[in-house]
Structure formats: structure tokens, C-alpha cells
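The values are calculated or read from the model by the stated rules, or taken from the named source; none is laboratory data. Bear in mind that the values here come from a model prediction, so they are computed numbers and not experimental data. Note that each Cβ is placed from the backbone with ideal geometry, even for glycine, and that neighbours are counted across all protein chains shown.
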Amino acid sequence: MFLVIIIPFFLLNYTVQSKVVIKEKRPIIIAHRGAPAHLPELTIPSEALSYGFDADIIEIDICLSKDDQLIVIHDLYLDSVTNVRNLFPSNRNRSNGLHYVIDFTLSELRTLSIHERFNYDTGKQIYPKRFPSAVWPSSFKLSTLNETLELLLGLNYATNKVKDLLIEIKKPEFHEENGKLISKILLELLNSYNITKQTDPVIIQTFHIPELYRIRNDYQSNLRLFALFTWNFINESSTDYDIYRSEAGIKNLSTIVQAITPIYEFLVEFNENGLFESKTNLTDLAHKYNLAVYPFTFREDNLGKYKGTFIEFVNYFWNIIQIDGFITDHSNLLIEHVRKLSTNSDPNPSTAQYGLRKPRIVEETVYLKPTTVERPVQTVSRPIVKETIYLPERQQPTTTTTTSVGLLCCIKL
């Protein structure tokens with residue numbers, strides 16, 4: 001099928017001229033668990049709100065249910081964010097007293113309500129100034145990965161934006177010990193949506209580094225992969241993170257991943273007064289091997305050891321440590337400051353009122369249209385272009401008709 005359009009011929013008749021212009025690089029903002037500073041974490045409303053904040057990437061966590069459904073939840077167990085102890089008898093818990101996602105079917109999980117995270121021993125909310133679940137018992141529900149994925153794909157399509165979903169696989173070792181290959185199930189689900197390429201809007205990360213090698217080498221996935229780092233004593237994985245923080249470890253990782261996502265304390269040393277002492281070499285090592293660095297987790301209501309302000313905190317990581325972006329519970333605050341800086345003429349963060357970062361200068365080649373002479377209007381036939389929309393294989397493929405005419409532009413970053 002062909003579409004006939006009329007365009008002025010002079011648009012097609014030009015010689016290429018170019019110039020180099022200066023562009024600023026801004027940090028990538030990754031919305032950690034959606035918008036948990038405003039709504040209960042990892043719920044559909046929380047994820048939708050972070051999309052509305054205009055975060056670049058929405059980060060979620062997944063575990064498997066008893067019937068192999070991928071559930072969006074941060075912990076392996078349900079006790080910190082649901083009313084599971086009220087709805088199910090004690091014989092559904094394990095020896096440590098906790099109720100694990102993997103021991104419940106999807107239909108059972110659907111009966112639970114999600115509330116703001118709290119300490120299940122004391123009953124106190126972890127972040128008191130966040131959504132007051134104790135005052136207003138919530139009707140938020142657990143969601144499946146299908147539902148979260150379709151939310152993102154649908155919003156991308158409806159808003160004509162490109163936002164990514166960063167999926168953290170929770171403890172692959174635990175799942176395998178319980179007879180489930182969570183990464184394999186995840187990749188099969190993504191494949192059903194035709195999500196298989198690095199350019200597709202999904203990224204996978206996990207603390208278990210060997211699982212990343214399995215995904216890349218054994219399962220032959222071409223999706224983008226990020227490597228999570230934390231302290232060994234936290235027991236997120238059997239991985240020895242000290243190995244992967246070395247130059248040899250980073251070099252090896254660079255053959256399979258596109259970025260590292262370390263706990264921010266791996267990038268900085270604090271002094272005894274809770275202020276910045278110096279930077280470590282991890283960021284420079286990662287950049288040496290072309291890996292981006294997105295540390296976690298930046299929270300306005302929890303700065304850890306640091307005794308300064310939230311903005312001073314993020315300024316240091318952007319200007320001094322030179323990270324590439326932030327994993328944050330407060331994506332709205334970071335995005336707000338990024339935008340304010342873009343309208344501030346003073347690039348020096350020490351004097352700029354809302355300075356988040358100094359400009360990172362990159363060259364962008366812009367191709368200019370030269371002076372032209374109008375020629376007679378010509379009729380040009382162009383084939384109709386079909387645009388692929390991500391859909392599960394169980395549905396008929398949907399196509400949209402697009403027609404466009406424009407100048408060819410090459411960008412050098």
C-alpha cells in the first residue's frame with residue numbers, strides 16, 4: 001500500500017552543512033519502587049505517579065508465587081507491607097514466623113491489602129511522614145508483572161514517551177532452592193510481549209551476579225542488564241561483592257552488563273562528623289570500562305550517615321563523584337531541581353540557588369538546512385510504515401499507520 005503526499009521539492013534538495021553545539025548531560029532519574037514517598041510502594045498507583053513525575057526509569061522488584069506468577073513486591077515475604085497475618089492462620093508461615101510469597105497462589109495474594117511499609121515486630125511505620133496507612137487502612141493491592149508492564153507500555157504509547165522499566169529479580173538462589181527458575185520465567189514472559197532487545201523498554205538487574213551471567217550466556221538474552229552491589233553481610237546473595245568492586249571484577253562485568261547499581265556508600269567515604277571525606281575509585285573504574293553508575297537509594301527522609309541536606313547530598317554525588325543518575329524514593333524532588341537548574345544561567349552549583357549539577361559537556365552535531373531555491377511542487381509516493389506495538393502473543397498484532405516527512409539527522413554523542 002502506498003500513500004501519496006505532496007511536499008515542496010526544495011525540502012529534498014539541499015547540501016549538508018553542520019556545526020557543533022554544546023549540550024548539557026543531565027542525570028538519569030530512576031524511581032525506586034515507583035513513588036513510595038507518596039503512595040505505598042510497588043502498587044499500580046505508585047508506579048503511575050512516578051511516571052507522572054516524569055522519571056526516566058521506574059524500578060520494581062519481582063518474586064514468584066506458588067503457581068509461578070511474577071508478583072511485584074520487594075521482599076520475599078509479605079509481612080512488612082500486607083495484612084497477611086490478619087487473613088491467614090499461623091500455619092502458613094515458615095519457621096521464622098514470616099509468610100513467603102512463594103507459599104501463596106495468585107488468587108490468595110489477591111485477597112491481601114498493601115499498606116505503607118512498617119516494622120512487623122513493633123507495628124510502627126518505617127517512614128512516619130509517608131502515606132498514613134494506620135489512619136486510613138488502604139485498599140491497595142499486589143500486582144503482577146503483566147499488569148505493571150502493560151501500565152508502562154500503555155503509558156508510553158498514550159503519551160508518546162519512552163520510559164523504561166527496571167526489573168529487579170529478588171534472590172534467584174532462594175527461588176531455585178524452592179524449585180523455581182525465576183529468570184527463565186521472567187524472560188519467557190517478556191518474550192511473549194516481544195521484549196527481547198537492548199532497545200526495548202525493559203532492563204533487568206539483580207544482586208546475584210552469577211544470575212546475570214546465566215541470563216546473558218545461558219539464556220542468550222540481549223536485554224540490558226545492571227549489576228546490583230551491596231555489603232556482603234546483608235546476605236542479598238552468595239556473591240562476594242568485594243571481587244566485583246575490583247578492576248578485574250569491573251572489567252569482567254563490562255562484558256555482560258551496561259551499568260552497575262551499587263549502594264551509594266561504595267562510592268564515598270564519610271568522616272566522623274557525618275560529612276563527605278573523599279570518593280572511592282569505583283565510579284572511575286566503571287567509567288573506564290564504559291559502565292554507567294546509578295547508586296541507590298537517595299531518600300530525602302533518610303540520608304544515612306550524612307549530616308547535611310538532601311540537595312547537598314545529591315550535589316556531591318553528581319558534581320564530585322560524577323555518577324550518571326540516581327535511584328531515589330523522591331524522584332519528584334530530583335526532577336524538580338534538574339528542571340530549575342536548566343533555567344538557571346549560573347552553572348556553578350556553589351552559587352546557583354537550585355544547582356543540582358554542573359553541566360556535563362557533550363558535542364552534538366546538528367545538520368543545518370542551507371539556503372534553498374523553491375522548485376515546483378512534486379508528487380511523491382511513500383510506502384506506509386507499520387509500527388510494532390508490544391503485545392502478548394495471545395493477542396492479534398496491532399499496527400498503526402504513520403506518515404512523516406522530515407530531514408535526515410545524524411547525532412554524534
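In the set (1) part of a helix (DSSP H, G or I); (2) in contact with a strand residue (DSSP E or B) (Cβ under 8 Å, 6 or more places away or on another chain), A227 fails one condition alone, (1). Report whether or not I57 is closer than 27 Å to P201 by Cα and either surrounded by fewer than 18 Cβ atoms within 10 Å (Cβ to Cβ) or out of contact with any helix residue (DSSP H, G or I) (no Cβ under 7 Å at 6 or more places or on another chain) (or both). When the stated conditions are applied, I57 passes them. For the stretch 20-75, a tally of residues being of a type in the set (A, V, I, L, M) and over 13 Å from the mean Cα position of the chain (by Cα) returns 14. Once the stretch 185-201 is narrowed to residues that are closer than 21 Å to E211 by Cβ and of a type in the set (V, I, T), the residue that is surrounded by the fewest Cβ atoms within 10 Å (Cβ to Cβ) is T196.
Within the group I167, I195, I185, I203, which residue is among the β-branched types (V, I, T) and assigned to a helix (DSSP H, G or I)? Walk me through how you get there before you give the answer.
Numbers: I167 fails: assigned to a helix (DSSP H, G or I); I195 fails: assigned to a helix (DSSP H, G or I); I203 fails: assigned to a helix (DSSP H, G or I).
After applying the criteria, what remains is I185.
Among the criteria (1) modelled with pLDDT under 90; (2) surrounded by 21 or more Cβ atoms within 10 Å (Cβ to Cβ); (3) closer than 22 Å to A259 by Cβ, the one L341 does not fulfil is (3).
Contact map, the stretch 313-340: first residue within 18 Å of K163 (Cβ to Cβ), second residue of a type in the set (G, A, S) and part of a helix (DSSP H, G or I), Cβ cut-off under 6 Å, separation 6 or more or different chains; pairs are S331/S50. A single member of K163, K171, K184 is in contact with a strand residue (DSSP E or B) (Cβ under 9 Å, 6 or more places away or on another chain), of a type outside the set (S, T, Y) and farther than 17 Å from I57 by Cβ, and it is K171.
Reported count of residues in the stretch 266-293, each being under 14 Å from Y316 (Cα atoms) and surrounded by fewer than 16 Cβ atoms within 10 Å (Cβ to Cβ), is 7. Only one of the listed residues (Y213, Y157, Y120) is touching a residue at least 24 places away in the same chain (Cβ under 8 Å) and assigned to a loop (DSSP other than H, G, I, E, B). That residue is Y120.
Can you work out which of the residues in the stretch 310-343 that are touching a helix residue (DSSP H, G or I) at 6+ places or on another chain (Cβ under 9 Å) and part of a loop (DSSP other than H, G, I, E, B) is nearest to S50 (Cα to Cα)? Here the answer is H330.
The single condition from (1) loosely packed, with under 13 Cβ neighbours inside 10 Å; (2) under 30 Å from I260 (Cβ atoms); (3) among the β-branched types (V, I, T) that V135 fails is (2).
In the stretch 271-291, the residues that are assigned by TED's automatic domain parsing to the domain that holds A259 form Cβ pairs under 8 Å with partners that are part of a strand (DSSP E or B) and at pLDDT below 95, at six or more places apart or across chains, as follows: N271/E277; F276/E269; F276/F270; E277/E269; E277/F270; S278/E269; K279/E269; T280/E269. Being within 13 Å of V257 (Cα to Cα) and charged (D, E, K, R) is the filter here, so list the residues in the stretch 176-215 that pass it. Those that are within 13 Å of V257 (Cα to Cα) and charged (D, E, K, R): E211, R214.
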